[in-house]
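Inspection log for the structure reproduced underneath, given as structure tokens.
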Amino acid sequence: MTRATWRTRLGFLLAAVGSAVGLGNIWRFPWLTATNGGAAFLLLYVLVIVLVGVPGLLGEMVIGRRSRRNPVGAFGALGGRRWRALGGVALLASVVVLSFYSVVGGWILRYTVASASGAYFADPQGYFAAIDFGVGAAGFHALFLLATVAVVYAGVDRGIELATTVMVPGIVVLFGALALWAVTLPGSAEGYEFYLSLDVAYLRANFLDVLVAAAGQALFTLSVGAGAMLTYASYIGEDRSLAADGTIIAVLNTGIGVLAGLVIFPLLFSLGISPGQGGPGALFVSLAGAFADLPYSRVVGLVFFGVVLLAALSSAISIFEVLVAYLVDERDTTRSRATAGVGGLFLVTGSGAALSPSLFTLLADTVANLALTAGLLGFLLFDGWVLGKAALDEYRNGAGRLARIMGLPWYYAVAVVLPLFLAFTLVSGLGTVLGVPVTTPQAAAVAVFGVVGAIALLRRQADSAV
Ligand code: PFF
């Protein structure tokens, strides 16, 4: 059977942007921005996207396009059997991410439906507390999953490509309209000020925390580290500039994220609600409360949660596809069987997260960040020290002049600089999770030791393989 490919370049780009733009931009980003000093966070976040996110994204896409396989098959085909385990890390990261993601997707679905009747207007806090976890949440999670299954089942070009080609422009137009409308709200100026004015003193005092949060968010929002972009890039049929594609994906993703902030912050401030009241429910409670006080509140709620639903769905599809691609490529199953099997798996793991708030928080807050960071760290070390020159060749295939010139800096970033940075955030993050406070110099020392050791090991293996 021939392997699926995207029909058009635009189709791939929109699918990848659909993967990137999701709850990360709309739900996680404002919440992190609010708790990490507003524009101070925004600034570091954009920097990390440019310096870490884009080269990392390219590092992941290089592996996918070179191998034209799923993560496990890709590492096996390019590096030899023992590397397949690295692909296993990506599969695991996918399971972690989608297990909580589809629970939030279920919340969004429920809020979309509830907007029509205005069910959450009277008591936003009470409404969220009543629906967040439990059997109802598991039910809506299952419905969200069903929608994901339907698109993936239809195939790469006729399902994912077609759906995201409609969804992504829809997201841009609707969010653009909401942002313009937000300008007209009385009191919105305060929201812009919070969002866009830089508090240098805050940034100086909390630099490391803000940096680690920004790094985790940058990977999450670009869908990097779980093999989703690797898998999408494996369906690219022809050689064209990955650097150009990666840059377009990152620019659109960041643009839509910033746009979402331009909707959310004015809305909250115009109603005197502080966006800093943390927790995953903050956005739901405060926005739902905000909608209640607006004219045409039901329409506003329906449009807003409807757009968020589209964004969440187009991201969930890409994570789901990682596991389907693995089963189709490696286990010789049909797409329909693979889709059913993966759907069954997520029905179980997602229901677990929908029934247990502590499991949900563990996955969403910490494990997801760590899994994506570890995944990307593995991908990049593989690019740099197993593929080596082949990675650079693949990067250059189809690249324009500017991208070619950037080839060598990209290679060194991927082989050395980014692994050091990722290892550093991984160690700091692990320290926090395990309750062992790690100082900056300690984390840096462990990162340098670890990465240098890994590189030495990889080089030895490469020598012995020749
Ligand atoms: N990028 C998605 C978002 O911002 O919502 C989340 C995501 C999708 C993370 C795919 C990881 C992934 F592989």
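The values are calculated or read from the model by the stated rules, or taken from the named source; none is laboratory data. These numbers come from a predicted model, not from an experiment. Every residue, glycine as well, gets a Cβ built from its backbone with ideal geometry; the counts of neighbours run over all protein chains shown. With ligands, DNA and RNA removed, areas are computed over all heavy atoms of the protein, side chains included. Shrake-Rupley method; radii C 1.70, N 1.55, O 1.52, S 1.80 Å.
What distance in nm separates the simple spin-label points at V433 and V173, each placed 7 Å from Cα in the Cβ direction?
4.2 nm
Mean separation of Cα pairs under 8 Å and 6+ residues apart, divided by the residue count of the chain: what relative contact order is that in percent?
31 percent
If a/c stays under 1.5 just call it rounded; otherwise compare a/b with b/c (prolate if a/b is bigger, oblate if not). Do that for the chain, with a ≥ b ≥ c from the square roots of the Cα gyration tensor eigenvalues. List each step's numbers first, then the result.
On the way: a/c = 1.67, a/b = 1.35, b/c = 1.23.
Prolate.
Using the charge dipole of region 118-239 (Lys, Arg: +1 at Cβ; Asp, Glu: -1 at Cβ; taken about the Cα centre), state which of F140, V200, V224 has its Cα farthest towards the positive end.
F140
Taking the Cα of S356, stepping 7 Å toward and past its beta carbon, and measuring to each backbone N in region 122-139: which are under 19 Å?
It comes to 132-139, nothing else.
Kindly express, to the nearest 10 degrees and within the range 0 to 90, the angle between helix 242-270's C-alpha long axis and the longest C-alpha principal axis of the chain.
With both axes taken from Cα atoms, the answer is about 20 degrees.
Using a 10 Å cut-off on Cβ atoms, rank the peptides 40-48, 281-289 from the highest mean neighbour count down. If you can, show how the numbers build up before the last one.
Values: 40-48: 21.0, 281-289: 22.8.
So the order, starting with the most tightly packed, is 281-289, 40-48.
Net charge near G281, counting Lys/Arg +1 and Asp/Glu -1 over other residues with Cβ under 14 Å of its Cβ? If you can, show how the numbers build up before the last one.
Numbers: positive: R28, R110; negative: D123, D132, D365.
For residues surrounding G281, the net value is -1.
So if we plug the beta-carbon distance of L92 and N397 into 1/(1 + (r/R0)^6) with R0 = 30 Å, what FRET efficiency do we get, rounded to 0.05?
0.50
In nanometres, what is the gap between the two model label sites at D332 and A119, each 7 Å from Cα along Cα-to-Cβ?
The modelled label-to-label distance comes out at 4.7 nm.
If you roll a 1.4 Å probe over region 52-124 with all protein chains in place, what percent of the accessible area is carbon or sulfur?
In region 52-124, the share of accessible area belonging to carbon and sulfur is 59 percent.
Mind listing the phi-derived Karplus ³J(HN,Hα) values for region 339-347, rounded to whole Hz, using 6.51, -1.76 and 1.60 with θ = phi - 60°, and x for any glycine or proline?
Along region 339-347, the couplings run 4, 5, x, 5, x, x, 4, 6, 4 Hz.
Averaging sequence separations of C-alpha pairs under 8 Å and six or more residues apart, then dividing by the length of region 39-170, give the relative contact order as a whole percent.
On the way: 71 pairs, mean separation 19.1, N = 132.
Computed value for region 39-170: 14 percent relative contact order.
Quick one: Kirkwood hydrodynamic radius for region 91-208, alpha-carbon pairs, angstrom, one decimal?
Details: mean 1/r = 0.0556 Å⁻¹.
It works out to 18.0 Å.
Among 370-382, 342-354, 214-226, 68-80, how do they line up from the highest to the lowest mean number of other beta-carbon atoms within 10 Å?
Final packing ranking: 214-226, 370-382, 68-80, 342-354.
Using Cα atoms only, what is the angle between the long axis of helix 440-465 and the major principal axis of the chain, expressed in degrees (0 to 90) to the nearest 10?
Result, in degrees: 40.
Once you sort the root eigenvalues of the Cα gyration tensor of region 159-258 as a ≥ b ≥ c, which label holds: rounded (a/c under 1.5), prolate (a/b larger than b/c) or oblate (the other case)? Could the numbers behind the result be given before it?
Working: a/c = 2.99, a/b = 1.37, b/c = 2.18.
Because a/c hits 1.5 or more and a/b fails to exceed b/c, region 159-258 counts as oblate.
Mind pulling the angle between the C-alpha long axis of helix 84-117 and the longest principal axis of the chain? Nearest 10 degrees, somewhere in 0 to 90.
20 degrees
Between Q461 and T2, what FRET efficiency comes out of the Förster formula 1/(1 + (r/R0)^6) with R0 = 25 Å and r the beta carbon distance, rounded to 0.05?
The computed FRET efficiency comes out at 0.15.
For the chain, what is the accessible area per residue in Å², given a 1.4 Å probe and the full set of protein chains?
Averaged over the residues of the chain, the accessible area is 39 Å².
Which of the three applies to region 32-114, rounded, prolate or oblate, going by the alpha-carbon gyration tensor with a ≥ b ≥ c and a/c under 1.5 meaning rounded? Numbers along the way, then the final one.
Numbers: a/c = 2.95, a/b = 1.43, b/c = 2.07.
It is oblate, given that a/c is not under 1.5 and a/b is not larger than b/c.
What distance in nm lies between label points placed 7 Å from Cα along the C-beta direction at R81 and S197?
Label-label distance for R81 and S197, simple model: 6.4 nm.
Apply 1/(1 + (r/R0)^6) to the Cβ-Cβ distance of A205 and W181, taking R0 = 60 Å, and write down the FRET efficiency to the nearest 0.05.
0.95
In Å and from the alpha-carbon atoms only, list the Rg and Dmax of region 214-366.
Values for region 214-366 (Cα only, Rg and Dmax): 18.8, 56 Å.
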